[in-house]
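Engineer: Before we start, here is the structure in question, set down as structure tokens.
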Amino acid sequence: MRFAAAGRRERLLPLDMTPMIDIVFQLLIFFLTTTQLVRTAREVLSLPAEAGSEEARSGSGAVTVNLLADGSVLLGDRPMPLEHLSAALAARRIDRPADFDEAALIRADREAPAAALNAVVRSLRGAGAVGLRLAVDPAGVGAGDTP
Amino acid sequence: MLDATFLLLAYFLVTAAIDRPEERLAAGLLGGGRIEAANLEPVRLEIDEADGVPRYRLGARVIFDRAELASRLALLDPATPLRIVVRPGPPVAAVTAAIQSARDAGLETVAYEPGG
């Protein structure tokens, strides 16, 4: 008896892996790129643990100053010595005056010295900022962080 | 396709954990006109530090406890402008605590004044 399987060629479905590998690599590149952009847009800080206020939520905060725990300052994502901050803000006001139509946003570490915060506020006031918004972390409320 | 789906899922889980939500505390800048234009005399709250402990001076009263500060601020008329004078020394957390207490007390006008 001759079985049909003996002479039958086993059919193999040709599966082309190339498109799948292409997509995986494209995804990888995309996520690597976007992760870098997200990191540079917002400095990681230990913000004060507060609930925040309702009226401060509107607006996007065109001028953002980050104040780190050691007193160093970043204008947006750019390191900025305190002594140059006033000039940088003045230049920005000339280039983009609409940025100062909203209250400036200060993201200050909870352990940063108030002296550095005062210097930032003075610089913002000198540049014509109409108000301030201080970034806080509502998730930390109740954790015993507040003085 | 399954691998790509799990990769997407892991990515969004991780980024959702990293991106902590933030809130904002509003404060006016002295010199902006609003506090000077108010009909009521501004109340002065000074923040400094004594032996490493943040200290609040509300008028003539010295306060170390935040709860007491909040209760004193709640006694003020909401239309009363509050001028927060920040001296060098205390951490930023003490400043935001004062502003938050003022907002929680319903004070409408809170201005930040950098002190020397």
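Engineer: Collect the residues in segment A:73-88 that are touching a residue at least 40 places away in the same chain (Cβ under 8 Å) and out of contact with any strand residue (DSSP E or B) (no Cβ under 6 Å at 6 or more places or on another chain), keeping them in residue-number order.
Structural biologist: Answer for segment A:73-88, where residues must be touching a residue at least 40 places away in the same chain (Cβ under 8 Å) and out of contact with any strand residue (DSSP E or B) (no Cβ under 6 Å at 6 or more places or on another chain): just A:Ser86.
Engineer: A further question follows. Looking at segment B:47-63, which of its residues are surrounded by fewer than 16 Cβ atoms within 10 Å (Cβ to Cβ), aliphatic (A, V, I, L, M) and farther than 13 Å from B:Pro90 by Cβ? Explain how you work it out, then say what you get.
Structural biologist: Residues of segment B:47-63 surrounded by fewer than 16 Cβ atoms within 10 Å (Cβ to Cβ): B:50-53, B:57, B:59-62.
Cutting the leftovers down to aliphatic (A, V, I, L, M) gives us B:50, B:53, B:60, B:62.
Within segment B:47-63, B:Ala60, B:Val62 meet the criteria.
Engineer: While we're on this one: Do the conditions hold for A:Asp70, that is, is it surrounded by fewer than 19 Cβ atoms within 10 Å (Cβ to Cβ) and part of a loop (DSSP other than H, G, I, E, B)?
Structural biologist: yes
Engineer: So which of B:Val62, B:Val95 ends up being of a type outside the set (Ser, Thr, Tyr), free of Cβ contacts under 8 Å to residues at least 12 places away in the same chain and either within 9 Å of chain A (Cβ to nearest Cβ) or part of a strand (DSSP E or B) (or both)?
Structural biologist: None of the others qualify; the one that does is B:Val62.
Engineer: Please determine whether any residue of segment B:75-84 is surrounded by 11 or more Cβ atoms within 10 Å (Cβ to Cβ) and either modelled with pLDDT of 95 or more or under 22 Å from A:Glu111 (Cβ atoms) (or both).
Structural biologist: Yes; the residues of segment B:75-84 include at least one that is surrounded by 11 or more Cβ atoms within 10 Å (Cβ to Cβ) and either modelled with pLDDT of 95 or more or under 22 Å from A:Glu111 (Cβ atoms) (or both).
Engineer: Right, something else. Can you confirm whether segment A:95-112 contains a residue that is of a type outside the set (S, T, N, Q), free of Cβ contacts under 8 Å to residues at least 12 places away in the same chain, farther than 22 Å from A:Ala49 by Cβ and out of contact with any Lys or Arg (no Cβ under 8 Å at 6 or more places or on another chain)?
Structural biologist: Start the filter on segment A:95-112 by keeping residues that are of a type outside the set (S, T, N, Q), which leaves A:95-112.
Of the ones still in play, those that are also free of Cβ contacts under 8 Å to residues at least 12 places away in the same chain are A:95, A:97.
Checking which are farther than 22 Å from A:Ala49 by Cβ leaves us with A:95, A:97.
With the extra rule that they be out of contact with any Lys or Arg (no Cβ under 8 Å at 6 or more places or on another chain), the set shrinks to A:95, A:97.
Checking segment A:95-112: at least one residue is of a type outside the set (S, T, N, Q), free of Cβ contacts under 8 Å to residues at least 12 places away in the same chain, farther than 22 Å from A:Ala49 by Cβ and out of contact with any Lys or Arg (no Cβ under 8 Å at 6 or more places or on another chain).
Engineer: Here's something else I'd like to know. Identify the residue in segment B:98-115 that is polar (S, T, N, Q) and more than 8 Å from every other protein chain (Cβ to nearest Cβ) and, among all such residues, is surrounded by the fewest Cβ atoms within 10 Å (Cβ to Cβ).
Structural biologist: B:Thr109
Engineer: If you scan segment A:125-139, which residues turn out to be facing another protein chain (nearest Cβ under 7 Å) and of a type outside the set (Val, Ile, Thr)?
Structural biologist: Those that are facing another protein chain (nearest Cβ under 7 Å) and of a type outside the set (Val, Ile, Thr): A:Arg125, A:Ala129, A:Gly131, A:Leu132, A:Arg133, A:Leu134, A:Ala135, A:Asp137, A:Pro138, A:Ala139.
The values are calculated or read from the model by the stated rules, or taken from the named source; none is laboratory data. Just so you know, these numbers come straight off a predicted model, no measurement behind them. Don't worry about glycine lacking a Cβ; one is built from the backbone with ideal geometry, like all the others, and counts go over all protein chains shown.
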